[in-house]
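The values are calculated or read from the model by the stated rules, or taken from the named source; none is laboratory data. Bear in mind that the values here come from a model prediction, so they are computed numbers and not experimental data. When we count neighbours, we look across all protein chains shown, and the Cβ atoms used for this are built from the backbone with ideal geometry, even at glycine. We work out accessible area using only protein heavy atoms, side chains counted, and drop any ligands, DNA or RNA first. Shrake-Rupley method; radii C 1.70, N 1.55, O 1.52, S 1.80 Å.
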Amino acid sequence: LQIQPGQRGLDATLGYGGHTSAMLRCLNGEGHLTALDVDAIEMAKTEERLRNQGFGSDILTIRKINFANIDEVAEKDGKFDFILADLGVSSMQIDNPDRGFSYKYDGPLDLRLDQTKGEPASERLKHVTRDEFEGMLIENSDEPYAAEIASVVMQELKKGHPVDTTSKLRELIEKALVRVPAADRKEAVKKSCARTFQALRIDVNSEFEVLEAFLQKLPDVLNPGGRVAVLTFHSGEDRLVKKSFKENVKAGIYSEAAKDVIRPSAEECRCNSRAHSTKLRWAVRS
C-alpha cells in the first residue's frame, strides 16, 4: 500500500483492528483513516481498543456500513489514497461460540456477520432443497463430499429434526462421511466441517455479491495513483478479485496489478495457522 503520512485511507473490514492500527502507525498522526464493519458487537470492542491506543476521531473514523457501499462512504469522506479489504471472518468472531462460526464450539448455527439483518444459517437450511444445498457447498467451498452432506442434512430436516446448533451440523457431517476409510476419516471430517461452515457463511451473508459490488465501485473511490490490497481466503473470492483487477488493467483503469498472487510465508503460517489459506492481490489506480 506504500502508506505515507498525510494520506487518506480506508480499512474496508475493521474486524479486530490489527490492520487498522498498523495503517494508522504508518500515517504517523497525519492524514485520516476510515474503517468499516457490519458487526456492531465486535465493532464497539475494537473501537474502544483503538481509542485507548490513542487514535482519536481526528485521525480515525469508524462506520457501521457494509463495504459493498464504499461509494456512500466516499461521498462523505472523499476519495482514498489506499484501501485494504481483508475478507472472511475475524478471529474473535470465530472464537465466540454464540456466533456459530466454528464447528469446534457448540453454539447456535447463526453465521451472520450482522445479527440484526437476514436469517441465521439454521433458518436458511429450512428453505433450500437438497440440490441447492449441494450446489452451495460446491460453489462456495469446493466441498468434495457435497452430495453426501446435502443428502444427510436434508434427510434430518425432512424428519422434522432441527439443524440449529454447530454440534448438530458437525454430527451430520460425520454421519455423511462414514464410508471414508477409518484412517482418513478424522481429517476428512475436519476439512469438510470447515468447508461446510464456510459455504453456509458465504451464502447467509451474500459474500460473493458484496465482493462484486465492492470491486465494481472500487476504481471510483480511489484517487489517481491510489493503491488497493485485497486478502482472500477462498478460490471463489480470489477468482473475482483476479478477474476484476485484470479487466481494469486492460481497460486502463488500473495502471498495474499483481501478476501473481502473494502467499504467506511458512514462518507466518507457523505463527498464525489461520493465515495459511490467505491470498493477497493488489492494484494501482491510473
Inset, instruction - Could you list all residues from the range 114-131 that are over 28 Å from LYS64 (Cα atoms) and either surrounded by 14 or more Cβ atoms within 10 Å (Cβ to Cβ) or among the hydrophobic types (A, V, I, L, M, F, W, C) (or both)? - result: VAL128, ARG130
Legend entry - Where TYR145 falls short, out of the listed (1) touching a residue at least 40 places away in the same chain (Cβ under 8 Å); (2) in contact with a Leu (Cβ under 7 Å, 6 or more places away or on another chain); (3) open to solvent by less than 60 Å² (accessible area, probe 1.4 Å): (3)
Legend entry - Residue among SER273, SER206, SER277, SER235 that alone is at positive phi, open to solvent by 20 Å² or more (accessible area, probe 1.4 Å), under 17 Å from the mean Cα position of the chain (by Cα) and not aliphatic (A, V, I, L, M): SER206
Inset, instruction - Output the residue which, of all residues in the range 33-46 that are touching a residue at least 24 places away in the same chain (Cβ under 8 Å) and open to solvent by 20 Å² or more (accessible area, probe 1.4 Å), is nearest to GLY226 (Cα to Cα). - result: ASP37
Legend entry - Residues satisfying the stated conditions in the range 160-176, i.e. closer than 16 Å to LEU137 by Cβ and either outside any helix (DSSP H, G or I) or open to solvent by less than 40 Å² (accessible area, probe 1.4 Å) (or both): VAL163, LEU169, LEU172, ILE173, ALA176
Inset, instruction - Answer yes if at least one residue in the range 179-189 is assigned to a helix (DSSP H, G or I), over 30 Å from ILE83 (Cβ atoms), open to solvent by less than 20 Å² (accessible area, probe 1.4 Å) and at pLDDT below 95, and no otherwise. - result: no
Inset, instruction - Mind listing just one residue for me: the one in the range 241-258 that is in contact with a Phe, Trp or Tyr (Cβ under 7 Å, 6 or more places away or on another chain) and in a helix (DSSP H, G or I) and, of those, surrounded by the most Cβ atoms within 10 Å (Cβ to Cβ)? - result: PHE245
Inset, instruction - Only residues that are polar (S, T, N, Q) and touching a Leu at 6+ places or on another chain (Cβ under 9 Å): list them for the range 233-278, please. - result: SER244, ASN248, THR278
Legend entry - Filter pass, ALA68 being modelled with pLDDT of 95 or more and within 16 Å of the chain's Cα centre (by Cα): yes
Inset, instruction - Could you tell me whether the range 188-205 includes any residue that is under 25 Å from LEU14 (Cβ atoms) and among the aromatic types (Phe, Trp, Tyr)? - result: yes
Legend entry - Yes/no for GLU75 being loosely packed, with under 14 Cβ neighbours inside 10 Å, out of contact with any Ser or Thr (no Cβ under 8 Å at 6 or more places or on another chain) and either within 24 Å of ALA229 (Cα to Cα) or modelled with pLDDT under 95 (or both): yes
Inset, instruction - Please enumerate the residues belonging to the range 75-88 that are of a type outside the set (Phe, Trp, Tyr) and assigned to a strand (DSSP E or B). - result: ASP81, ILE83, LEU84, ALA85, ASP86
Inset, instruction - Would you check if PRO219 is modelled with pLDDT of 95 or more, over 20 Å from the mean Cα position of the chain (by Cα), closer than 16 Å to ILE83 by Cα and part of a helix (DSSP H, G or I)? - result: yes
